[in-house]
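The values are calculated or read from the model by the stated rules, or taken from the named source; none is laboratory data. Small disclaimer: the values here were computed from a predicted structure and weren't measured. Here the Cβ positions follow ideal geometry from the backbone for every residue, glycine too, while neighbour counts run over all protein chains shown. To get the accessible areas, we keep the full protein, side chains included, count just its heavy atoms, and leave off ligands, DNA and RNA. Shrake-Rupley method; radii C 1.70, N 1.55, O 1.52, S 1.80 Å.
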Amino acid sequence: MKLRLSRPRWSPRRRDAAVQPQHELDADAGTPEGEPLSEMGRPGVPPAVVPRWVQMVVLPLALLALYELARAIGSILIVLIIASLVALMLNPFVKRLERGLPRGLAIPLVYLGFFAGVGAIGVALSGPVSTQITHFSNQVPSIVKNANHELDQLQRFLNRNGIKVKIEHQGQTALQTLQKNVLKSSGSILSFSRDLLSKVVTISIDLVLILVLSIYFLVYARNIGDLVRRIMPPGDGTPEDDFPILVQRAVSSYVRGQVLFSLIMGASAGVALWIFGELGIFPDGSRYTLFFGAFYGLMEFIPYVGPIIGPAPAVLVALFDHPISAVWLVLLFIALQQLEGHFVAPQLFRISLRINPILIILALLIGYKLYGIAGSLIALPSAAVMRATVVYLRHHLVLESWSGGGGVGVGVMPISPDRCPECGTVPAGADAYCRTCGASLTPHVHARD
């Protein structure tokens, strides 16, 4: 019987070890015998195997415990998720500043830069937008006058055709009725104001908690990363196979995709409204292009509600100016939303998140069902993190097959077959279990020194 010596396996924790360049791997006859290859062609590590008893007992109990914990902490969970996502978004900037500054100084500088950037964008837009809003407010009397003129013409048309409908009189009656109801409902309005104030205070406290927690997450980012690396199966020691780095890249990809999506939709709405203004369909579209486009783009950050609120200013202006223009605008925004839902969003988020559009829709629905608007806001970045986790575990974790086939015995070195006997997947190096289906790959073994 041919003896086979075991070689010391390459340690995934030695970050300072030199990694063989890709061109040398390609030129070489192959990696050392017994070393599995990762997808990128570098020496990898064999996947961790989850025994059958862990699958049957520990995993269901762990999932049940996580579910009960999520129910117990309630709204605190979404605060933790948002704070962790904010920390993941800002951590790349902190790491860049950390090259020349202490981390304790880099973190506040990043936050100051973030708020300064938001303020700078607001100042840059406030000039032209405020000018357009002022111009619009000056045009309100003429808009109301035109609306009254249109109402008077409609009343005359109805009178000429023998239609006994008093629009003006009914409108005045409706205003009087509204005034009476407002006076009678002063108590309800006061109660609503109290509830609104309570919600504003609660949201403010949550925002402060998110800010504080995100700062702490950034301060202890290295400790958190080391803890995650100890919990997760080990990678091959490179940034391309390091779980915390992969999660951070997934969140960064979402941010880039969302910003690009809002810019595309805001610019599309602005250009379309400008064309409508130049054609005379909606004259105010060319006057307030920047305001309407910027508002529509900002609303695209909010799923579900944003696409409905975004067209509201332009449609309301058109409705007061000329109802026919409002109809054309409604048709325009319906077309934009169809383009957004069937082409822009699926393609853009498919590329940035690398998630199936069906899963994206399900994530938005589940997030909205659990936590409303806030849940839908964190649905896609959370889905990106979950995808990175699943992909990483698929490469480094396999479930022991329930169809038979024992584990690897002590004191023997497994020799993997050419293909998995269950699914036909080609094994990587000396894997004891298939990385796809978890079936045993050890039908034959040799003695080992």
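Taken over region 322-339, the criterion of being more than 25 Å from the chain's Cα centre (by Cα), of a type outside the set (S, T, N, Q) and open to solvent by less than 40 Å² (accessible area, probe 1.4 Å) is satisfied by 326, 329, 332. When residue 316 is tested against (1) over 15 Å from the mean Cα position of the chain (by Cα); (2) surrounded by 15 or more Cβ atoms within 10 Å (Cβ to Cβ), exactly one condition is not met: (2). The condition (being in contact (Cβ under 8 Å) with a residue 60 or more places away in the chain, out of contact with any strand residue (DSSP E or B) (no Cβ under 8 Å at 6 or more places or on another chain) and not acidic (Asp, Glu)) is satisfied by just one residue among 315, 259, 271, 305: 305.
Identification of helices (runs of 4 or more DSSP H) wholly contained in region 251-332 with 2 or more residues that are under 30 Å from residue 352 (Cβ atoms) yields 289-299, 306-309, 312-321.
Conditions (1) in contact with a Leu (Cβ under 9 Å, 6 or more places away or on another chain); (2) surrounded by fewer than 16 Cβ atoms within 10 Å (Cβ to Cβ); (3) under 27 Å from residue 92 (Cβ atoms); (4) of a type in the set (A, V, I, L, M, F, W, C), marked per residue:
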residue: 203; (1), (2), (3), (4): no, yes, no, yes
residue: 211; (1), (2), (3), (4): no, yes, yes, yes
residue: 259; (1), (2), (3), (4): no, yes, yes, yes
residue: 284; (1), (2), (3), (4): yes, no, no, no
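Total residues in region 239-257 satisfying the condition of being open to solvent by 10 Å² or more (accessible area, probe 1.4 Å) and either farther than 22 Å from residue 377 by Cβ or over 29 Å from the mean Cα position of the chain (by Cα) (or both): the figure is 7.
Residues that are among the hydrophobic types (A, V, I, L, M, F, W, C) and open to solvent by 60 Å² or more (accessible area, probe 1.4 Å) were ranked within region 90-100; the one that is nearest to the chain's Cα centre (by Cα) is 93.
Is it the case that residue 361 is surrounded by 18 or more Cβ atoms within 10 Å (Cβ to Cβ), under 13 Å from the mean Cα position of the chain (by Cα) and within 25 Å of residue 78 (Cβ to Cβ)? When the stated conditions are applied, residue 361 does not pass them. Screening region 370-427 for residues that are outside any loop (DSSP other than H, G, I, E, B) and at pLDDT below 75 and picking the one that is surrounded by the fewest Cβ atoms within 10 Å (Cβ to Cβ) gives 412.
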